[in-house]
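Notes to accompany the following structure.
The values are calculated or read from the model by the stated rules, or taken from the named source; none is laboratory data. Every value quoted in this text rests on a predicted model; they were computed, and no experiment measured them. Note: ideal-geometry Cβ built from the backbone for every residue, glycine included; neighbour counts use all protein chains shown. Please note that ligands, DNA and RNA were not included when accessible areas were found on the heavy atoms of the full protein model with its side chains. Shrake-Rupley method; radii C 1.70, N 1.55, O 1.52, S 1.80 Å.
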Amino acid sequence: MFSAIYFESAVRDHPRTRAILRRYRDLPQIECERYSEIFNRKSQNFRLQKENPALILARKHGRKVLPAPGGYGFDAAGSHYFSHMLNCIYDCRYCFLQGMYRSAHCVLFVNYEDFADAIERTLSGSALPKEDAHPRYSQHTYSQDTHVPTRTDEASRGAEQVFYSGYDCDSLAFEPASGFAEFFVPWFAARPRAVLELRTKSTQIGGLLKHGPIPNCIIAMSFTTAAAAARWEHGVPAIDKRLAALRRLQEAGWSVALRFEPLMPDTNPDACRELFELVFSRLDSRWLHSVSIGLFRMPADYFRNTLKLYPDEALFARETRTRNGVTSLRHPNEEAWLRQIETALFRHIDPKNYYRCADGETDREN
Amino acid sequence: MNATSEHPSLPASGGSEGTVNLAVAHRLEAERLIQWFGLSEIMPREEFPCFEDGEGLSLVVTGSGAERAAAGVRYLHGRRLGSAWLNIGIAGHGSAAVGTGLLIHRIARRETGKRFWPPAPGLKLPGGSLITVSEAETEYAEDAAYDMEAAGFFAAASRLVTPDLINVYKIISDNPAHPLAGFRRGQVPSLFGARESEIRSLVAHLRERGARFAHWRSLPAEYRQLLEKYHFSVTRKAALGKLCRRFTALGMGPRLTVLVSKRYHSAGALMAALEGELAGALPVGGKDSNEPAF
C-alpha cells in the first residue's frame, strides 16, 4: 500500500506512531522535522506519487476544526469538519483531492487528543469566528434547490453541532492502522449533543461493530452507479461489499446514511434505478438516517490542476461549466434529469430524509 | 521553471519518452554503466564528457563536488533532454558495510543545512540518509552516507523535472573500519559490479515511470500536422493542444483525423470547428457506454 513511512521527530515516540512503525516494519522509515518538507512541495506530481504513495505521520498544528462548506450536509446550526488525515488510500478519478494537493502521500495526524480538545472547545460555545469561513469555499456558496426538502431528522434537530470526518480522506479506510474511529466513537458517545458523521467507502467496520452503536454517530457511505464505480473508483470495495458492511452496521443498530455522489451527467436514470433497487433490497430504508444526491463538482482551480494531471482522462475532457468558482460537467437538461433520478429514489425513501447537493445556473463554459 | 507545467524536456509527442539521464562524478564510476547499457560518447566532447545509448539513456561525468554536479546536470540537460534523473556514485558511511548499495531517501547539505527528499519508489532496495559534504569525510560522525555531489545534483535536477522522477543511489566505499585513506580508485568498477541488478532495476523503473509521464502529457500527431498547416498565435497554440487532447481523451481520435484533412480558411475557423465537434461530446466506447446519454 505504501512505499515508505515518514515520521516527524516530534511524534517519534507517540504510541500511534510506534504502533504504525511496528506494523510497517518492512518499509523504509524516514525521520523528518515537518511533514511539509515532503508533502505538497512545489513541482511534485500527484499522479506519479499516487503510483507509490508514502505514509507520513505528523502532528497537526493550528486550527483543527473548521466550518463545513455550505450545502455539505446537515442543515444544523453548527456544521464543522476535521481532518485527521490528508489524502486517501483509494484512487477515485473524480476526487477533488487530486487537484487540491500536489502530493498523493497520505498524512496521518496522530495527535487525536488535540483534535478532541478542539472539538470540545467548539462544543463549549467558543463559536468559530466569521473570518474562519471554509478555506476552500469561502469565495462561493452552494445553492440548495428550494423545491427539495432538506433533511431535518431527530439527530440533527436535537444536536447543537455536527462534525464531519472524511472530507480530506476516507474516514474508515485506514482504520486497522489508524484506530481513528476506535478513538473518536467512544469520545463522541460521551457527548450526545455532538453528532459525528463518518464519510466513507470502506468496509473496515470491525471496530464499530465491536464498540456497538451510539445514537450520535452516522456512517455515511458513498455510492455511484455500477458503471461509474468500475470506471473511476480504483481500489474501492465493490458496491456489494459496501452494502454488506452497511447492512451489518444497520442490523447492529448503527445509524447509516447514503450519499449517491458524484453523479455524472451521462448517468442514465435507469442505471440509478438499478442502483437504488439493489441498495434498498439490502438495506432497511425505514432506518436510514438520511439520503443525498450530489453532482460531480470541484472548485475551479482544483479542476484545472486535475486536468493538467489527467489530460488523457475522458472524464475531464467533457464540456464543463464554472459557476461561483465551482466547475461541474454540463448537462443539457439537468433539472429534469435530476428530478427523474429523485423520483426513482423517492420510490424507496421518505423525501423528508433526503437532501440534494447541487449547483444551478451556468455562467462560464469551456 | 515549474517542472510540472510545460517543461522543454516534454515535447508535444514522442522525443523524450522514457528518457533517463545518469550523473556520475568520476569516469571510473561511469565505466560499468557504459559497459552495461552500451553507451557511446557524444561527440564533440565539450565541458563534460557525455555518453548515450541512442535509445533515451544518457550519462554525464560531472566531476567532483556539488557545484560541478549541478553544472553537469544543466549541461547534459542542454544536450539530451531527460524525463528522469539518477545520480549514482560511491560514498562513505558511518556504519554500513563496504559494498552496500543504498537508495537515498534524504539528502542534507552540510554547508547549508538544506534538505532534499528523493522519492521512495517501492523497489525494496535498502535505503538510507546521505550528507553531502564539501570535503571528503573521514570522521563518519553520523549514521548516514557521505558524498560530495548528491545535494548539488538533486537541487539542479529538480529545477528541470518533477522531483518524483529523480533518484540517488550510492554504493558504500569506505566506513570507520575501512577508512577512505585505504581506498583505491581501482576498486570502483568492482563495487559497481556487485550492485548491477539494483542499478539496472532502478534505471528500468525510471525509464518506465518517465515513459508513462511523457505519455500522459503527449499530444496526438494531428497537433503537429495542424501547426504545419495553419498559423497559430502562442495562445491559440496552447488552446489547440488542449482541444486535440480532448479529442483523444474522449476516444474521438478518428474524427480529429478527418477534421485535419479538411481545409479551413484560417486557424480561427479550424478552432471553431474543433470546438463545435466537442460540444456535448461524451466518451466513445468507455465502460459506461452501456449508459446511453440522457
- Note on the structure: Rh_Kirkwood(the protein assembly as shown) over Cα pairs, Å, one decimal, evaluates to 27.3
- Item | 10 Å Cβ neighbours from other chains, averaged over peptide A:5-12 | 1
- Note on the stretch B:203-244: C-alpha Rg/Rh, Kirkwood Rh, two decimals, gives 1.17
- Message: Limiting things to C-alpha atoms, what are the Rg and the maximum Cα-Cα separation (Dmax) for chain A, in angstroms?
- Response: 19.8, 57
- When only alpha-carbon atoms count, how far does the stretch B:219-283 stretch along each of its three principal axes, as whole angstroms with the largest first? 30, 20, 19
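Using the Kirkwood formula on the Cα atoms of the stretch B:130-213, what hydrodynamic radius do you get, in angstrom to one decimal? Could you put the intermediate results ahead of the total?
Working: mean 1/r = 0.0676 Å⁻¹.
Every distinct Cα pair counted, the radius reaches 14.8 Å.
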- Message: Please report the spacing between the Cα centers of the stretch A:250-297 and the stretch A:1-47 in Å, no decimals.
- Response: 36
- Give the residues of the stretch B:70-96 whose amide nitrogen is closer than 20 Å to a point set 7 Å from the Cα of B:GLU41 in the direction of its Cβ. B:72-73, B:75-80
- Query: What whole number of Å gives the distance from the Cα centroid of the stretch B:52-70 to the Cα centroid of the stretch B:81-120?
  - Reply: 16
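Would you mind telling me the share, in percent, of accessible area of the stretch B:20-216 contributed by carbon and sulfur at probe 1.4 angstrom?
Working: 3760 of 7700 Å².
On the stretch B:20-216, the fraction of accessible area on carbon and sulfur atoms equals 49 percent.
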- List every residue whose amide H lies under 5 Å from the amide H of B:ILE42, counting only residues 5 or more places away in sequence or on a different chain, with H placed 1.01 Å from N in the peptide plane. B:CYS50, B:PHE51, B:GLU52
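Counting other Cβ atoms within 10 Å, keep those with at most 12, restrict to DSSP loop, and tell me which trypsin sites (Lys or Arg not before Pro) in the stretch A:170-213 are left. Each step should come with its number before you reach the end.
Values: sites: A:ARG193, A:ARG199, A:LYS201, A:LYS210; in loops: A:ARG193, A:LYS201.
Sites meeting the loop and neighbour criteria: A:ARG193.
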- Note on the structure: In whole Hz, the Karplus estimates of ³J(HN,Hα) for the stretch A:196-212 (6.51, -1.76, 1.60; θ = phi - 60°; x where Gly or Pro) are 10, 10, 9, 8, 7, 10, 8, 9, 7, 10, x, x, 5, 5, 5, 6, x
- Geometric extent, Cα atoms of the stretch A:1-104 - Rg, Dmax (angstrom): 15.5, 47
- Message: Quick query: amide H of A:TYR310 versus all other amide H atoms, modeled in the peptide plane; which residues come in under 5 Å with a sequence gap of 5 or more or a different chain?
- Response: none
- Note on the structure: Sorting B:GLU137, B:GLU275 on solvent-accessible surface, 1.4 Å probe, most exposed first, gives B:GLU275, B:GLU137
- ³J(HN,Hα) computed for each position of the stretch A:172-188 - Karplus, 6.51 cos²θ - 1.76 cosθ + 1.60, integer Hz, glycine/proline x: 10, 4, 9, 3, x, 9, 7, x, 5, 5, 4, 7, 7, 5, x, 5, 5
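Could you tell me which trypsin sites (Lys or Arg not before Pro) in the stretch A:1-93 are loop residues by DSSP with no more than 11 other beta carbons within 10 angstrom of their beta carbon? Walk me through the numbers before you get to the answer.
Details: sites: A:ARG12, A:ARG16, A:ARG18, A:ARG22, A:ARG23, A:ARG25, A:ARG34, A:ARG41, A:LYS42, A:ARG47, A:LYS50, A:ARG59, A:LYS60, A:ARG63, A:LYS64, A:ARG93; in loops: A:ARG12, A:ARG25, A:ARG34, A:ARG41, A:LYS42, A:ARG59, A:LYS60, A:ARG63, A:LYS64, A:ARG93.
Passing both the DSSP loop test and the Cβ count: A:ARG25, A:LYS42, A:ARG63.
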- Note on the structure: Scaled by the rule-of-thumb 2.2 N^0.38 Å, the alpha carbon Rg for the stretch B:160-294 gives a ratio of 1.79
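Given +1 on the Cβ of Lys and Arg, -1 on the Cβ of Asp and Glu, and no further charges, what dipole in debye does the protein assembly as shown carry about its Cα centre, rounded to the nearest 20?
Details: 82 positive and 75 negative charges, 98 e Å.
Roughly 480 debye for the protein assembly as shown.
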- Given a Förster distance of 41 angstrom, what is the FRET efficiency for A:ASP13 paired with A:ARG286, based on the Cβ-Cβ distance and rounded to 0.05? 0.25
- Please state the relative contact order of chain B as a whole percent: Cα pairs under 8 Å, 6+ residues apart? 21
- Message: How much of the DSSP bridge set in the protein assembly as shown is antiparallel, in percent, rounded to the nearest 5?
- Response: 30
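If you wrap the stretch B:20-216's Cα atoms in a convex hull and average its projection over all directions, what's the area in nm²?
Values: hull surface 40.4 nm².
Projected area, direction-averaged: 10.1 nm².
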- Task: Give the percent of DSSP beta bridges with both residues in chain B that are antiparallel, rounded to the nearest 5.
- Result: 35
- Solvent-accessible area per residue, Å², over chain B with all protein chains present [probe radius 1.4 Å]: 43
- Item | Antiparallel bridges, percent of DSSP beta bridges restricted to chain A (to nearest 5) | 25
- Message: Using a 7 Å offset from the Cα along the Cα-to-Cβ direction at both B:ARG110 and A:ALA189, what is the distance between the two label points in nm, to one decimal?
- Response: 5.6
- Query: How much of the accessible area of chain A, in percent, comes from carbon and sulfur atoms when a 1.4 Å probe is used?
  - Reply: 47
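What accessible area, summed over both chains, is buried at the B-A interface (1.4 Å probe, Å², nearest 100)?
Summing both sides, the interface buries roughly 3400 Å².
Could you list the trypsin sites (Lys or Arg not before Pro) in the stretch B:194-270 that lie in coil according to DSSP, counting only those with at most 16 other Cβ atoms within 10 Å of their Cβ?
Values: sites: B:ARG195, B:ARG200, B:ARG207, B:ARG209, B:ARG212, B:ARG217, B:ARG224, B:LYS229, B:ARG236, B:LYS237, B:LYS242, B:ARG245, B:ARG246, B:ARG255, B:LYS262, B:ARG263; in loops: B:ARG195, B:LYS262, B:ARG263.
Those that pass, being in a loop and sparsely packed, are B:LYS262, B:ARG263.
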- For the stretch A:260-305, the Kirkwood Rh over every pair of distinct alpha carbons, in Å, works out to 12.6
- Query: Which residue, chosen from B:MET271, B:PHE247, B:HIS231, occupies the Cα position most advanced towards the positive end of the dipole of the stretch B:219-283, where the dipole is computed from +1 (Lys, Arg) and -1 (Asp, Glu) charges on Cβ about the Cα centre?
  - Reply: B:HIS231
- Item | Long pairs among A:LYS308/B:LYS262; A:LYS42/A:LYS64; A:LYS50/B:LYS242, criterion Cα-Cα beyond 27 Å | A:LYS308/B:LYS262
